[in-house]
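The values are calculated or read from the model by the stated rules, or taken from the named source; none is laboratory data. Computed from a prediction, not measured in an experiment: that's the story for all the values here. Cβ placement follows ideal geometry from the backbone for every residue including glycine, while neighbour counts extend to all protein chains displayed.
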Amino acid sequence: MIVFSFGRRASVETTGMAASNNEEVIMDNVEFVKSLYAAFKRGDLETLYAHSDPNIEWVSNCDPRLIPWGGERKGTSGMRSYFAEIANHVDFEMFEPQEYFAGDNSVTAIVRIISRMKPSGGHVDGESLHLFKIRDGKVTAFREYANTHAVVQAYCGGDIHSAAMTPAETAARLHH
C-alpha cells in the first residue's frame with residue numbers, strides 16, 4: 001500500500017510485491033483520481049463519465065429515503081442521476097481531497113467537504129471517504145462514505161434522530 005498526503009508520497013510498503021511495477025500502477029491510479037477530482041471541481045462532469053466504465057457501480061452510504069443522492073446507482077446514467085441530485089440540493093463551499101491511500105486496483109481518498117444544503121440552508125463541515133475501484137483506466141466502482149447523521153440533520157434543517165421518517169415527514173421538516 002502507498003499512502004499519499006497532499007500529493008506527496010508519505011510512505012511506501014512493498015512487502016511481497018514487485019515494487020517497481022506496482023508502484024507505477026499505484027502512482028498512475030492516484031494521478032488518475034486526482035485528475036477526476038480536478039474535473040469535478042471545474043464542473044467538467046463529462047470527463048468523469050468518459051473515464052467511468054459504462055456499468056459502474058455508484059454508491060453513497062446516505063439513506064435514499066432521506067437524502068436524494070443517497071443509495072446505489074448503476075451505470076453512467078446512475079452517475080448522471082447522482083450528480084443531478086447533488087446539483088439540485090448541495091452548494092459546495094469547499095471540496096478538497098486531503099489524503100490518498102492506494103492499492104493495485106483502488107484508490108481511497110479522504111475529502112474535506114464544507115457545504116450548504118439548498119432545501120434547508122443547513123451546513124455540513126466534515127470529511128468523507130471516497131473509494132474508487134479502477135480497471136483498465138476506467139472507474140468501475142465508486143463508494144462514498146459520509147457522516148450520514150450530519151448530512152441528514154443539515155438537509156432536514158434540524159436535529160433528526162430517526163432514519164425511519166416518511167417522505168411526508170421529511171418534506172414537512174423542510175418546509176417548517
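Any residue that is among the aliphatic types (A, V, I, L, M), under 14 Å from the mean Cα position of the chain (by Cα) and either under 22 Å from Ile110 (Cβ atoms) or at pLDDT 95 or above (or both) - is there at least one of those in region 5-15?
First, pick out the residues of region 5-15 that are among the aliphatic types (A, V, I, L, M): 10, 12.
Filter once more, keeping what is under 14 Å from the mean Cα position of the chain (by Cα): none.
No, region 5-15 has no match at all.
Output yes when any residue across region 78-98 is free of Cβ contacts under 8 Å to residues at least 12 places away in the same chain and exposed (fewer than 14 other Cβ atoms within 10 Å of the Cβ), and no when none is. It would help to see each step written out before you state the result.
The initial filter retains those residues of region 78-98 that are free of Cβ contacts under 8 Å to residues at least 12 places away in the same chain, namely 81, 84, 87.
Right, trim to exposed (fewer than 14 other Cβ atoms within 10 Å of the Cβ) and you get 84, 87.
Taking every residue of region 78-98 in turn, at least one turns out to be free of Cβ contacts under 8 Å to residues at least 12 places away in the same chain and exposed (fewer than 14 other Cβ atoms within 10 Å of the Cβ).
Yes/no matrix, rows are residues, columns are (1) charged (D, E, K, R); (2) farther than 16 Å from Tyr49 by Cα; (3) not in a helix (DSSP H, G or I):
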| site | (1), (2), (3) |
| --- | --- |
| Trp69 | no, yes, yes |
| Arg80 | yes, no, no |
| Met94 | no, yes, yes |
| Pro97 | no, yes, yes |
| Phe101 | no, yes, yes |
| Asp104 | yes, yes, yes |
| Thr108 | no, yes, yes |
| Val111 | no, yes, yes |
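Starting from region 109-125, keep only residues that are within 14 Å of His89 (Cβ to Cβ), then list their pairs with residues that are β-branched (Val, Ile, Thr) and outside any loop (DSSP other than H, G, I, E, B) whose Cβ atoms are within a distance under 6 Å, requiring at least 6 positions of separation or different chains.
Ser115/Val90; Ser115/Val124; Val124/Val151
If Asn61 meets every condition in (1) more than 14 Å from the chain's Cα centre (by Cα); (2) touching a residue at least 60 places away in the same chain (Cβ under 8 Å) apart from one, which number is that one?
It is condition (1) that Asn61 fails.
Taking the conditions exactly as written (modelled with pLDDT of 95 or more, over 16 Å from Asn29 (Cα atoms) and not in a strand (DSSP E or B)), does Ser128 satisfy them or not? Don't jump to the end; show me each part of the working.
Values: modelled with pLDDT of 95 or more: yes; over 16 Å from Asn29 (Cα atoms): yes; not in a strand (DSSP E or B): no.
No: the conditions fail for Ser128.
So is Asp136 of a type outside the set (Lys, Arg), loosely packed, with under 14 Cβ neighbours inside 10 Å and closer than 16 Å to Leu36 by Cβ or not? Explain how you work it out, then say what you get.
Numbers: of a type outside the set (Lys, Arg): yes; loosely packed, with under 14 Cβ neighbours inside 10 Å: yes; closer than 16 Å to Leu36 by Cβ: yes.
In short, yes.
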